[in-house]
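Below is one structure, written out as structure tokens; the observations come after it.
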Ligand SMILES: Nc1nc2c(ncn2[C@@H]2O[C@H](COP(=O)(O)OP(=O)(O)OP(=O)(O)O)[C@@H](O)[C@H]2O)c(=O)[nH]1
Ligand SMILES: [Mg+2]
């Protein structure tokens, strides 16, 4: 993570043909290098920034490669906080490749994935949660993901973490002030009260991690049940087309099958599986084992039981979250269960309720404007902080003080104020080049 004195360059727009494409330069020589490849009424390096020029991009002989705009940003008023030039040409892969090779010829270095955002982070323009939000925003496929990313970008998550750190710091300083006078003791309102508050806030924050990750990366939803329960029919009904084979024969689905759909703004991989039963058929038995494994690795399991037949409750191994679905609700029902959602693949009855149950199981109740933890890195740091803060509450002052320091370090790591270089590298490795 060196070379901040280098000027970096990359194509910032997606591959393929488009009306406009952008080559971006950032670093101390950004505008000077732009001079070398751009010919217009004025030189980019003369600009105060916040301006643009119309002109031509030229090769070493002065031949025009394309016409376009050069946008100039002066440090610190740019995305990276450095001098930045954006060269906007026509968005053809050939033009952009040539333009990029030109700026590399005159002295820029190819940017690594996420390096523009990394510079913004190193320059203090973004904290680590904001940088992750940039990544999420670039990759957002759904409305839920976009909403959380946009919120993260405003620093809402960092602010939530910061307010927890303030409570902890208050206790830590009270304890440290008293360490020399142990007979005095730290008053309750300086110790128990703020720590309990920090613990509650942190637990609530950690509670958002699952929803945050589901919104960002989507969720796996496995359909499990006995043979003939109506699993394949339900998959088809949710998809709206006949993806999986349905027959009256028990044991129709043997191999598992996946389909993509979006549900309440979340990308879902829906998995149809072989019906669970004891069987001597080797192929079917392999399918059953596979179904059980898929159930365990899913974010949520739809546990299907045939509503039109005598109830044979199904016990699933592991601690996976499930929704009980009573199938074939268009037929006379043979049993009732308070937590079951009655659904018919034939009439579509109960499908809206099922979709809502899935949404709320995956995302919980999203309070407007509330920032979530959206990456495993953030969730891990938050959990470590919570462990230390919880431990501190039951320890004598000197030991508690150590735990609180560790807790604060974990919180600082979450926002990236105090973080190991390899963690930062791992965050930016997931970016595309040009962002
Ligand atoms: N009336 C009615 N019949 C249904 C419904 N859902 C499924 N069925 C029937 O139940 C039978 C089994 O349906 P499938 O969807 O193949 O059941 P499955 O759970 O995938 O079965 P396996 O793949 O064998 O494990 C078929 O004859 C379906 O037409 C429903 O909602 N209403
Ligand atoms: Mg089936």
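Values in this text are rule-based calculations from the coordinates and carry no lab data. Treat the numbers as computed from the prediction; the structure is a model and nothing was measured. All Cβ positions, even for glycine, are placed from backbone atoms using ideal geometry, and neighbour counts span all protein chains on display.
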Query raised in the report: Relative to the longest principal Cα axis of the chain, at what angle does helix 351-363 sit, 0 to 90 degrees, rounded to 10?
Result: 50 degrees
**Report entry** the chain - Rg and Dmax from Cα coordinates, angstrom
**Finding:** 28.4, 84
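With both bridge residues required to lie in segment 8-111, what share of the DSSP beta bridges run antiparallel, to the nearest 5%? Mind dumping the intermediate values first?
Working: 28 of 30 bridges.
Within segment 8-111, antiparallel bridges account for around 95 percent of the total.
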Report task. Could you check what % of the DSSP bridge pairs in segment 215-363 are antiparallel, to the nearest 5? Result -> 30 percent
Query raised in the report: If one computes the Cα centroid of segment 383-424 and of segment 245-313, what distance in Å separates the two points?
Result: 43 Å
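Taking the beta-carbon count within 10 Å as an exposure proxy, list 335, 372 from fewest neighbours to most. Intermediate values should be presented prior to the final figure.
Numbers: 335 15, 372 29.
Listing 335, 372 from fewest to most nearby Cβ atoms yields 335, 372.
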Query raised in the report: Along the Cα-to-C-beta direction of residue 309, a point sits 7 Å from the Cα; which residues of segment 277-293 have their amide N less than 11 Å from that point?
Result: 277
Report summary line: Sorted largest first, the Cα spans of segment 8-111 on the principal axes come out in Å as 32, 27, 24
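Could you list 13, 171 in order of exposure, starting from the residue whose Cβ has the fewest other Cβ atoms within 10 Å?
By the 10 Å Cβ count, ascending, the order reads 13, 171.
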Query raised in the report: FRET efficiency for residue 320 and residue 394, Cβ-Cβ distance as r, R0 = 45 Å, nearest 0.05?
Result: 0.85
**Report entry** Alpha-carbon spread of segment 215-363, three principal axes, descending order, Å
**Finding:** 41, 33, 30
Query raised in the report: Counting pairs of Cα atoms in segment 311-365, how many percent are more than 19 Å apart?
Result: 36 percent
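Got a sec? How would 142, 415 order by Cβ neighbour count within 10 Å, fewest to most?
Numbers: 142 17, 415 22.
So the residues, fewest neighbours to most, are 142, 415.
Out of all DSSP beta bridges with both ends in the chain, state the antiparallel percent to the nearest 5. Display every interim value, and only then the final one.
Numbers: 35 of 55 bridges.
Of those bridges, close to 65 percent are antiparallel.
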